[in-house]
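See below for the structure under consideration.
Rule-based calculations on the coordinates, nothing more; no lab input. Please read these numbers as outputs of a predicted model, since none were measured by experiment. Ideal geometry is used to build each Cβ from the backbone, glycine not excepted, and the neighbour counts take in all protein chains shown.
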Number of protein chains: 2
Amino acid sequence: MTTFWSEMVKRATPYVPGKQMDGENILKLNTNENPYPPSPKVFQAIEKELKTSLHLYPSPTVDSLRQAIGQLYDVPKEYVFVGNGSDEVLAFSFMAFFERGETIIFPKITYSFYEVYATLFNIPYKQIELNRNFTIPLEKLFQAEGGVIFPNPNAPTSLYMPLQDIVEVLEQNRHKVVIVDEAYIDFAEQSAVKLVEKYDNLLVIQTTSKSRALAGLRVGFAIGQPHLIEALIRIKDSMNSYTIDRLAIVGAKAAINDQQYTKNTINKILQTRRWSREKLREMGFSVLPSQTNFLFAEHYLYDGLTLQQKLQDMNVLIRHFNVTPIENYIRITVGTDEQMELFFKKLQKVIEEM
Amino acid sequence: MTTFWSEMVKRATPYVPGKQMDGENILKLNTNENPYPPSPKVFQAIEKELKTSLHLYPSPTVDSLRQAIGQLYDVPKEYVFVGNGSDEVLAFSFMAFFERGETIIFPKITYSFYEVYATLFNIPYKQIELNRNFTIPLEKLFQAEGGVIFPNPNAPTSLYMPLQDIVEVLEQNRHKVVIVDEAYIDFAEQSAVKLVEKYDNLLVIQTTSKSRALAGLRVGFAIGQPHLIEALIRIKDSMNSYTIDRLAIVGAKAAINDQQYTKNTINKILQTRRWSREKLREMGFSVLPSQTNFLFAEHYLYDGLTLQQKLQDMNVLIRHFNVTPIENYIRITVGTDEQMELFFKKLQKVIEEM
């Protein structure tokens with residue numbers, strides 16, 4: 001019964017997100033969520049907004065939130081676009097900057113949604129193989145016909161690309177947009193946002209879902225020069241006038257403004273990441289040097305799929321990607337210390353029984 | 001600086017929503033919002049959800065909300081798609097069912113976003129002129145090459161098309177999707193949802209923004225046979241896994257389930273609509289027989305733009321469309337009795353001073 005489907009629906013190859021299982025006894029380390037709650041100021045802001053005007057449309061321009069994000073990065077609000085999660089910002093960016101008939105470039109091992117967007121919008125793409133150490137071969141990102149997109153740090157490898165390398169990619173693509181998807185940047189060295197003033201072809205995309213613990217609220221954003229932001233606004237205003245609801249606007253704004261809380265949360269996660277990485281190594285894993293809130297690891301004996309499935313049988317969710325050359329790896333979200341201790345207890349049991 | 005813009009951005013002609021002015025003394029009758037707050041159960045549900053898991057992603061499939069909507073209309077959840085406002089559902093529907101190179105049909109005077117979507121996605125369209133009494137000439141909707149879309153009741157005319165006419169449109173377009181956009185249906189005779197079981201080419205789109213007073217929360221939905229819903233899901237999952245945040249999911253569900261509250265609110269608005277229409281007539285307006293939460297009216301002496309601007313100077317917002325043949329009309333959202341009394345006091349003053 002696909003008679004009524006457009007060509008677009010027919011060629012679509014939808015993204016499959018990590019499982020969202022509910023349940024009391026599930027240890028959920030599979031979708032890179034923040035294990036801590038968001039800032040208490042988020043709750044205060046939402047509770048206040050809730051009492052006023054849910055029957056009225058939200059701001060279509062979301063200026064107050066754009067301003068708050070701008071202040072964080074010391075740019076005017078005209079440099080900021082806000083969307084319904086960074087996935088929507090990414091989708092709009094594919095629509096705004098990439099073209100049918102012009103091949104874009106992204107790594108073969110990366111956020112798998114890029115391929116989904118490109119397929120949906122009929123944008124040709126070239127996926128470049130990673131180096132053997134899983135870093136991205138820089139020169140392969142040069143002179144793209146249609147543009148470049150990659151996450152920094154990359155997912156699911158967790159590896160960070162230094163800013164001087166990003167500068168090279170920007171220099172070697174002066175006439176095409178380079179999108180740096182910084183979903184995990186707050187757990188890494190530094191953001192490319194500081195390059196935005198110099199490079200009119202740079203769009204940086206971030207989210208409040210990870211470091212700010214607002215995955216449930218759906219707010220992502222992009223930072224770039226106003227001509228890029230204007231393009232995103234034109235797409236958004238041709239799709240949906242109001243993409244961020246009233247509660248998400250005030251909640252995200254409160255989270256952005258409570259930078260001290262965010263820093264504390266990040267520090268806790270970095271600390272847990274450190275000892276968890278060591279612990280994994282002791283258990284026979286090689287672990288990439290993560291600059292994210294997850295660890296990407298390969299056991300010297302056991303394959304990734306088996307580990308993932310055996311852990312799932314014990315109510316522990318982690319993620320496995322059935323793709324060469326990472327099929328032996330597992331991706332583990334860094335939880336709280338308590339969660340990770342429980343994780344290691346279960347992992348120990350799985351390994352002992354193998 | 002449009003060098004970096006895709007062809008899609010360049011041809012986009014973004015929608016311009018009604019003004020969202022804030023301020024204590026503004027009487028806002030310009031965006032067809034519900035003047036009453038949503039059900040108290042909405043607040044309870046959101047407050048409860050707020051305390052639990054904002055740091056976790058929401059359900060990507062939104063099954064609980066789809067189920068609630070399904071129960072309301074006595075269809076399984078496989079007949080229901082949920083999106084970020086009915087605008088997003090409309091955008092996804094254009095992507096899912098309409099095709100480049102196949103002309104779709106919609107009325108010339110109608111929700112102006114249809115033209116925006118068609119332009120964005122390069123879908124050719126034919127806009128049919130309304131009859132002199134502003135009804136839609138039925139036979140002009142027959143045998144569409146690419147599909148049909150119209151609101152029922154139509155906006156901004158406020159006029160309702162009876163179900164037997166919709167059946168004719170469906171019969172005369174057996175091989176193309178007919179989208180009936182029922183944003184205002186709860187203020188009208190009856191929904192076309194009951195035709196969904198019989199017609200595999202019918203998609204009905206509704207919203208929680210109007211009758212359920214949740215414009216600030218962004219939840220719209222579509223009802224149709226599972227093959228149509230599956231197409232929408234494929235588009236959504238190729239754009240953004242989680243379009244509805246945790247608070248919006250539980251809030252909308254609570255609103256859908258509190259059908260008694262919704263009915264009471266609608267009845268109050270219908271009562272206010274009745275006397276407001278009479279009052280407008282007494283003041284020299286001809287007013288179309290509205291089946292929506294707004295009134296569409298033309299004064300026998302004064303033109304619409306002047307009235308709208310003079311009212312705006314007095315902090316009263318209504319909407320005017322600078323399009324033939326409705327340029328003399330004004331669109332007034334039905335507020336509370338108190339709001340409408342204030343509106344008529346200000347309107348009286350405007351007219352006296354002209």
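General observations
- Of the two radii for the range A:40-257, the radius of gyration is 0.97 times the Kirkwood radius, both from the alpha carbons; that is the Rg over Rh value.
- As a calculated quantity, the FRET efficiency between A:R274 and A:N131 at R0 = 22 Å, using C-beta atoms, amounts to about 0.30.
- Pairwise FRET efficiency - B:Y36 versus A:Q44, Cβ, R0 = 22 Å, nearest 0.05: 0.30
- Each copy carries a label point for B:T119 at 7 Å from Cα toward Cβ; from one copy, the others' points are 3.2 nm away, ordered from shortest.
- Across the alpha-carbon set of the range A:1-74, the Rg to Rh ratio works out to 1.12, Rh being the Kirkwood radius.
- Taking a point 7 Å out from the Cα of A:E115 in the direction of its Cβ, the residues of the range B:196-240 whose backbone N falls within less than 20 Å of it are B:234-240.
- Pair-distance profile P(r), taking every C-alpha pair of the protein assembly as shown, with 10 angstrom steps and integer %: 3, 15, 24, 25, 18, 9, 4, 1, 0
- Residues B:T103 and A:Q71, FRET efficiency given R0 of 41 Å [Cβ-Cβ distance, rounded to 0.05]: 0.30
- For B:I26, A:I229, A:I128, A:I249, the sequence from fewest to most other C-beta atoms within 10 Å is B:I26, A:I128, A:I229, A:I249.
- Proxy reagent accessibility, fewest Cβ within 10 Å first, across A:L56, A:L342, A:L203, B:L311: A:L342, A:L56, B:L311, A:L203
- Pair B:N322, B:E168: separation of 7 Å Cα→Cβ label points (nm): 3.7 nm
- Applying both filters, DSSP loop and at most 14 other Cβ atoms within 10 Å, to the GluC sites (Glu not before Pro) of the range B:1-84 gives B:E24.
- For the range A:211-216, the Karplus equation 6.51 cos²θ - 1.76 cosθ + 1.60, evaluated at θ = phi - 60°, returns couplings of 5, 9, 6, 10, 4, x Hz by residue, with Gly and Pro reported as x.
- Inter-probe distance in nm under a simple model that places probes 7 Å from Cα toward Cβ, at B:N122 and B:Q259: 4.5 nm
- Loop trypsin sites (Lys or Arg not before Pro), the range A:148-225 (other Cβ atoms within 10 Å of the site Cβ: 15 or fewer; DSSP): A:R174, A:K198
- In the elastic network of chain A, a GNM with C-alpha springs shorter than 10 Å, the most mobile of A:A222, A:A183, A:A118 is A:A118.
- Rel. contact order, % - alpha carbon contacts under 8 angstrom, at least six apart, the range B:204-299: 20 percent
- The distance from the alpha carbon centre of the range B:47-70 to that of the range A:301-318 is 27 Å, rounded to a whole number.
- Separation between Cα centres of the range B:154-229 and the range A:319-338, rounded to whole Å: 44 Å
- Sorting A:D303, A:D245, B:D258, B:D74 from the fewest to the most surrounding beta carbons within 10 angstrom yields B:D74, A:D303, B:D258, A:D245.
- Inter-copy label distances at B:K263, using a point 7 Å along Cα-to-Cβ, come to 5.7 nm with the shortest given first.
- Taking B:F344, B:F187, B:F296 in turn, the Gaussian network model of chain B (Cα-Cα springs below 10 Å) assigns the largest fluctuation to B:F344.
- When you restrict to C-alpha pairs under 8 Å that are six or more residues apart and normalise by the size of chain B, the relative contact order lands at 23 percent.
- Sorted from nearest, the other copies put their A:R281 label points 8.4 nm away, the label point being 7 Å from Cα in the direction of Cβ.
- For the range B:1-160, the fraction of alpha-carbon pairs in successive 5 Å shells from zero, as %: 2, 7, 11, 14, 15, 16, 15, 11, 7, 3, 1, 0
- Counting only residues at least eight positions apart within a chain, or on another chain, the aspartates and glutamates with an alpha carbon under 12 Å from that of A:K194 are A:D74.
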